[in-house]
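Data block below; observations after.
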Amino acid sequence: MDNTMISVVIPVYNEDANISHLMERLRPVMEGMNKRYEIILVDDGSSDRSLALMKGFTTHPEVRVVELTKNYGQHAAIFSGFSIAMGDIIVTMDADLQNPPEEIPNLVRVMEEGGYDVVGTIRKERKDSIFRTLPSRIVNSFARKMTGIRMTDWGCMLRAYRRNIVKHMSDCREQSTFIPALAVYFAKRVTEIEVKHEQRYAGTSHYSLRKLINLQFDLVSSFSDFPLKLIMYAGLGMAFLGISLGAIIGISRLVYGAAWAAEGVFTLFAALFAFIGFQFFALGVMGEYIGRIYKEVRRRPEYVIDRVHSSDSEGDAR
Ligand code: UDP
Ligand code: MG
């Protein structure tokens, strides 16, 4: 047995139909790796039997359960797991068995042999419906362009991070973070490997189109100011067009006389409407950023841990 310790952090939100099966597959894999390990299950405010089921596994000393006070979302839940993780290498994965636990040894091996800080993953033959893959594909290519962060598959949470990267990420006490992108931002040596992707074992995805769009905006606004620049350039272009249009109308009036200009009123209306539309758009985008600044300065904790359950402390370890 070598000295490296592996932490596996798993966010859980209403996954009672998956937990037993997940642990049944995950524990033998971890045992077989011949390394010290721990499994941190984060209960992200589940309203089903998930928490009770997970607490049942804390009879194993390797398993700890973080109980959050309410549902904070997948990324915040992972961060709360990071806050108590003790491993040298920290692996994140989903609870629904879409990420096969059997890939973990390979992930760790690639990280150790290549001396990488982050090992990302690319899902081979994604097993999701078109309604889930199409938005993701758009999200992936958009995210790459906007943030300049090179990552092929943004959505797969089966990833391995070195301890120092996790520490840097946890030190960023910012809201609306997207863990894989933040990790790549801090890492020097990053690689990606292909992993299998499976059907969700039970239940349905917690991500609606609305949540995906939110996540996308988080990504873009927290890693780039491109939307603000876009507005600036669009504004510049609009102003130029407006002045040109004014000049054309002015000249035409001189050439064709006042009768023509009366008809030109409609052109002016068109231009006016374009400007109004543009102003609203600009205000909307700026509002979004201001809203985020407001959220940031409030410094509201991104998650609150209720208790940490483990084999040697029943409930009081905070
Ligand atoms: N999850 C969570 N909090 C949430 C939503 C999801 O902890 O508010 C967990 C969920 O239990 C699962 C993982 O995040 O372990 C991924 O969620 P899901 O399978 O719904 O997303 P998808 O696979 O469709 O991206
Ligand atoms: Mg899933």
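Could you tell me which residue of segment 207-238 is farthest from Met157 (Cα to Cα), considering only residues that are part of a helix (DSSP H, G or I) and within 16 Å of ligand 2 (Cβ to nearest atom)? Walk me through how you get there before you give the answer.
Just the residues of segment 207-238 that are part of a helix (DSSP H, G or I), to begin with: 209-223, 226-238.
Then drop every residue that is not within 16 Å of ligand 2 (Cβ to nearest atom), which leaves 209, 211-212, 215.
Values: Leu209: 18, Lys211: 16, Leu212: 15, Leu215: 14 Å.
Of everything passing the filter in segment 207-238, Leu209 is farthest from Met157 (Cα to Cα).
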Q.
The conditions are (1) more than 20 Å from the chain's Cα centre (by Cα); (2) acidic (Asp, Glu); (3) more than 16 Å from ligand 2 (Cβ to nearest atom), and Glu125 fails exactly one of them. Which is it?
A. (3)
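If I ask for residues that are among the acidic types (Asp, Glu), in a loop (DSSP other than H, G, I, E, B) and away from ligand 1 (no atom under 15 Å from the Cβ), which ones from segment 81-106 would you list?
Filtering segment 81-106 for residues among the acidic types (Asp, Glu) gives 88, 94, 96, 102-103.
Restricting the remaining residues to those that are in a loop (DSSP other than H, G, I, E, B) gives 88, 94, 96.
Selection gives Asp88 alone.
Look at Pro135 and say whether it is part of a helix (DSSP H, G or I), under 21 Å from His21 (Cα atoms) and either in contact with a Gly (Cβ under 9 Å, 6 or more places away or on another chain) or within 13 Å of ligand 1 (Cβ to nearest atom) (or both). Step through it out loud before you land on a result.
Details: part of a helix (DSSP H, G or I): yes; under 21 Å from His21 (Cα atoms): no; either in contact with a Gly (Cβ under 9 Å, 6 or more places away or on another chain) or within 13 Å of ligand 1 (Cβ to nearest atom) (or both): yes.
Spelling it out, it is not the case that Pro135 is part of a helix (DSSP H, G or I), under 21 Å from His21 (Cα atoms) and either in contact with a Gly (Cβ under 9 Å, 6 or more places away or on another chain) or within 13 Å of ligand 1 (Cβ to nearest atom) (or both).
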Q) Out of all the residues in segment 150-206, which are more than 16 Å from ligand 1 (Cβ to nearest atom), basic (Lys, Arg) and either touching a Gly at 6+ places or on another chain (Cβ under 9 Å) or in a loop (DSSP other than H, G, I, E, B) (or both)? A) Arg150, Arg163, Arg173, Lys188, Arg189
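If a residue has to be more than 10 Å from ligand 1 (Cβ to nearest atom), of a type in the set (D, E, K, R) and either buried (at least 18 other Cβ atoms within 10 Å of the Cβ) or within 23 Å of Tyr72 (Cβ to Cβ) (or both) to count, how many in segment 1-26 make the cut?
So the first thing to find is which residues in segment 1-26 are more than 10 Å from ligand 1 (Cβ to nearest atom), and the list is 1-9, 16-17, 20-21, 23-26.
Restricting the remaining residues to those that are of a type in the set (D, E, K, R) gives 2, 16, 24-25.
The next check asks that each one be either buried (at least 18 other Cβ atoms within 10 Å of the Cβ) or within 23 Å of Tyr72 (Cβ to Cβ) (or both); those that pass are 16.
Of the residues in that region, 1 qualify.
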**Q.** Candidate set: segment 83-104, residues that are within 16 Å of ligand 2 (Cβ to nearest atom) and not aliphatic (A, V, I, L, M); chosen: the one surrounded by the fewest Cβ atoms within 10 Å (Cβ to Cβ)
**A.** Pro100
Q) For segment 110-126, how many residues are over 14 Å from Met157 (Cα atoms), out of contact with any Lys or Arg (no Cβ under 8 Å at 6 or more places or on another chain) and surrounded by 14 or more Cβ atoms within 10 Å (Cβ to Cβ)? A) 2
Q. Of (1) modelled with pLDDT of 75 or more; (2) surrounded by 14 or more Cβ atoms within 10 Å (Cβ to Cβ), Ile138 satisfies all except one. Which?
A. (2)
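The values are calculated or read from the model by the stated rules, or taken from the named source; none is laboratory data. Quantities reported herein were computed from a predicted structural model and do not represent experimental measurements. Every residue, glycine as well, gets a Cβ built from its backbone with ideal geometry; the counts of neighbours run over all protein chains shown.
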